[in-house]
Each structure stands twice: as structure tokens, then as C-alpha cells.
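In what follows, a structure is listed as C-alpha cells, so that the remarks can point back to it.
The values are calculated or read from the model by the stated rules, or taken from the named source; none is laboratory data. Just so it is clear, the model here is predicted, and its values are computed rather than measured. FYI the Cβ positions are ideal-geometry reconstructions off the backbone, even for glycines, and counts take in every protein chain you see.
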């Protein structure tokens, strides 16, 4: 599973867990290796690789039988996951030895219309976009000898800057694709939520306080987007043009797009469904992720993702011919950032992030390449590949994250390796993801104090305020009610209500502020004059409990 963080949005969530691949189990294989797959001489059946670090524990039976049995079990696993969680629909594909051996749709694509999911239904895949984008870049590098993962992005985006001149100058495409620039998790997502496009967001990332350069893993959608935009700029193209020309069209991914309007134009598309209760999903939102297209803006089908997985598993070949240089592709899946593992426990295995993808190992020692994606507004996805077995599975769903894609992939991998589940994955993961649809904000779940001081006259707060990051924030009054407006042309609006004196309240909305969210607007009074305001939700983004970043502080300008 990919990184997701304990905050409630799939686009930023960074939970680096390799579900189904990081267990310490006392299991032994049942069969010895075949004649052309030499085994160790001990009681444990081990297939020896070309080097000791490629040795793996044998499957419980021969590979083809194991895969066939796991594929046969898939429909039951999928149906159980949808029934238990309430997620409306899913689409699943499995590739094995270069063939698509399973491709099916389940459930409905929209709970209001009840139209069924089929193999042509297009899903928003959220952060599963990232490994596709890394393949786009790998293809660009293959085709252009002057382009490299090691190129600083400012070579192609000369006007771009971060808050540290050194990072601005030295930040490479590789740094942005491996989340090691120091841009904190969620950087720029708040600007996207209020409606700004990629150009505005990238132009204002220099306001974001940075963590240590190349020392920390900070999962950043807009950071990876910067890397993708740099590659597109090197070709004089938009990102959509680059992705189509280099990956989607050559692989025949005819149902795949990075443009939200093209997703909306598809007659057979899965609507998003937010989780509104235990096992309850409603079609409430539409998520336009164009501003972070390389990181989370792709819409596709399981069948199209299967074509990409087959290319990766073939080491960059398509129809027996080199498509992506295998050395460039290997960089994509090499370890560049440490993402998981318990430093206090020597039995805890470490996981890594490559360029736009997670890299770990299964219990049997096999390399596991995976990534998940999720939108709190209603999408959850996963793709998992086991190169040693030339095997991959992709699961797309149209419900807010509930662990369905990850549990199905983990159960499938378990069945292939052991013939049985090692853990009750669906129970484990549905519980783990239960809080991902929780509201946020410093006032969530609270009522105004019973001894609250009265707010000032509504006219005190009316005015225009400025932030170097968010730009203009206006407060207007009508019939005694206050309204705040942010974003392009003031399109992101919310009511501002009394709370306690000059601390008022508002309901933030967006992918990162699900229903039930509530936060404070703390106005600053100097004598009789309001001189500024802090919108707390935007000042401690991505979640309460973090240190304020100063980005949500506005100064009055009129």
C-alpha cells in the first residue's frame, strides 16, 4: 500500500505500510524448488537467485497453480469486501506472465443511478497516478539523452523557487519524485482546496517552511507535480500532452487521461462516494485534481493499468522490444527514501520509496512494488506487483478509503504465496482506515463556550485581508451575517459565525476538510480596529496538533 498520513485525505495521506508484506511469520513452504530453480539443502525450501539477496522462500505449490487458485478465489474476496464495507463498486485486473488473466467489474458506479461497474468504467485513481507519472518521466529520459533524473528542476522551470535558495538551485527531478525536498506533507494542497491552479500553487510554494533537504521523507503531491511539470517543460508541452504521447498512447491506454474534463465526458465513469456513516456511502462531491495531475489527477480503468503493469514487469519492454531503458526504469523502483520500519524494534523491516512508488518485500523475501491512492471525497485504489513472479494486481474503487483495495491485494498475494491468508486483512484494514473520513479543524465536535464573550459588531470584521500565500481574503456582511471569501475571484466562500469574542468560527470545506469540520477565525483587535485574522485551519495544515506554519495569517489592508 502506498503512503497515506493520518490525515483525512487520500491525496495527502501518507501511511507507509506494506500491508501483507511486512509480517514476521513462522511459515514454511510445502514443496521443494524445481530442477531449474535450485533450492537450498535445508528443510526450508528456498529458490536461489543470481545473488543471495535474490533468494526467496518457495511458494506452497508450483507458481502457475498458485496463481490460478488465487485468481479463482478473487470474486469471492471482492464481493465480501464490498458487502462488508459498503463501498459501492470495484474494478479489478490481474496480470500474470504478460497476460491479463482476470478483469472484472463489481457493484455500481453510482449509488443514485445503480448503473453497474463493468470493465470499461473509468475511475479516478488518485495517488496511483504517481507511479504512472514516474514511468512517463522514465520514458522521457529514455527518449532524450540530455534529460536525467538528476537534473535540477530549475533547468526547465527557471522561475520556480522554494523557500531555501539552496534547495531551489539543487532540487532534482529525483528529489521531487521521492518526496525528499523538505516540502512538508500537504504543501500546496490547501491552495488547491480553495481553487487555485498548478501555476499559482507552484509560484507560492516558496512561502512554505521546509524540513531538512534530503534528510526526511515528506509525502507531497504538489512536490511531485513540480517534478512532472519540469519534465513537460523540457519538452515544450503540457503534462497532459507528455503523458499521452509518452505512455498512454503507446501502451494503448485509451481510457486513461490526466484531464478532469475528459473524465467527466466519459459516459461510463464511476462517481465518487464519500463515507457518511458505517457502511454508508453517498455521491456528494466531484473531485477535480487537475492542479496536481502528475500526483493524483489520472482517471483510468483496471484494464489500462494492467497494460502499464505488464510493461513494468517486462523490465520496460513492450511486445518484446525495449520501450523504456531498463536502467532508467530500475532507478524508478530503487530505494531513494526510507518510508517505514520501527527504529526501536530490530525485527521490523524497512520499506522505501522509489520515484513515485513504494518498494518493499513480501514475507517470502520477494520484492513488492506498490502504491495506493485515495480521495476522502470518494476514491480508493491500489496496484501491487511482484516482479519475481511476473505478477500484478490492480484494484480500483469508487468509495472513500476503507481498506478495500489494499485488503484485496494483500489477500491475493497471500493466496499466491501460502494458499491461505496470513491475517484477516479486511478486518484489520477497514479498522485502520475508519478515521480517514473524520472531520478536522481545531473546533470540530465542539459547541461555543457557555460563557462566551459577545462578538463585536459585524462591521468590525468587514474588510480585505492579505496573505503572501493565499492572497486576498475578504469578509463581507449582509443582514448581520458575515461571509469570508478566498481563492480565485473569491470563489471559496464560508459563513463566519460568533464563537467567543473576536474568535469566530467557520466550516472549512474540500478534500482535506470532510463534513463535520469546524475551525476558528481569530481576529486581532488593536483598540477598536480589527487589524488581522488567523484562519486556524489553514495555519496548522494539514492537521491540528502540528506547529502553526504562519500561512493562514492575514493582515488587514483596507
> Can you name every residue in region 315-358 that is surrounded by fewer than 22 Cβ atoms within 10 Å (Cβ to Cβ) and within 30 Å of residue 270 (Cα to Cα)?
Replying inline: 318
>> Between 206, 261, 215, which is modelled with pLDDT under 95 and either within 22 Å of the chain's Cα centre (by Cα) or within 19 Å of residue 169 (Cβ to Cβ) (or both)?
In response: 215
> Does residue 272 satisfy being in the same structural domain as residue 98 (by TED's automatic domain parsing), outside any helix (DSSP H, G or I), touching a strand residue (DSSP E or B) at 6+ places or on another chain (Cβ under 9 Å) and under 24 Å from residue 189 (Cβ atoms)?
Replying inline: yes
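Matching residues to (1) within 25 Å of residue 284 (Cα to Cα); (2) outside the structural domain of residue 205 (by TED's automatic domain parsing); (3) crowded, with 20+ Cβ neighbours inside 10 Å:
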residue	(1), (2), (3)
477	no, yes, no
482	no, yes, yes
489	yes, yes, no
493	yes, yes, no
497	yes, yes, no
500	no, yes, no
525	no, yes, no
535	no, yes, yes
>> Tally up the residues in region 514-541 that are assigned to a loop (DSSP other than H, G, I, E, B), under 21 Å from residue 208 (Cα atoms) and in contact with a helix residue (DSSP H, G or I) (Cβ under 7 Å, 6 or more places away or on another chain), please.
In response: 1
> Would you pick out the residues in region 75-95 that are surrounded by 20 or more Cβ atoms within 10 Å (Cβ to Cβ) and in a helix (DSSP H, G or I)?
Replying inline: 77, 78, 81, 82, 85
>> Can you list the helices (runs of 4 or more DSSP H) lying wholly within region 163-219 that have 1 or more residues being touching a helix residue (DSSP H, G or I) at 6+ places or on another chain (Cβ under 7 Å) and over 26 Å from residue 285 (Cβ atoms)?
In response: 165-170, 173-177
>> Only one of 376, 392 is in the same structural domain as residue 289 (by TED's automatic domain parsing), in contact with a helix residue (DSSP H, G or I) (Cβ under 7 Å, 6 or more places away or on another chain) and over 28 Å from residue 420 (Cα atoms). Can you tell me which?
In response: 376
> Can you tell me how many residues in region 220-238 are part of a loop (DSSP other than H, G, I, E, B) and under 20 Å from the mean Cα position of the chain (by Cα)?
Replying inline: 1
> Take the residues of region 96-118 that are assigned to a loop (DSSP other than H, G, I, E, B) and over 23 Å from the mean Cα position of the chain (by Cα): which is nearest to residue 276 (Cα to Cα)?
Replying inline: 111
>> From the list 335, 343, exactly one residue is assigned to a loop (DSSP other than H, G, I, E, B) and more than 22 Å from the chain's Cα centre (by Cα). Which is it?
In response: 343
> Does residue 139 meet the test of being surrounded by fewer than 24 Cβ atoms within 10 Å (Cβ to Cβ) and under 26 Å from residue 338 (Cα atoms)?
Replying inline: no
>> Restricting to region 313-332, name every residue that is touching a residue at least 60 places away in the same chain (Cβ under 8 Å) and part of a helix (DSSP H, G or I).
In response: 313, 328, 329, 331, 332
> Can you tell me which residues in region 393-424 are buried (at least 24 other Cβ atoms within 10 Å of the Cβ) and more than 17 Å from the chain's Cα centre (by Cα)?
Replying inline: 393, 408, 410, 411, 412, 413, 416, 417
> Taking residue 146, is it part of a loop (DSSP other than H, G, I, E, B) and over 30 Å from residue 74 (Cα atoms)?
Replying inline: yes
>> Being within 25 Å of the chain's Cα centre (by Cα) and farther than 25 Å from residue 378 by Cβ is the filter here; which residues of region 63-95 pass it?
In response: 95
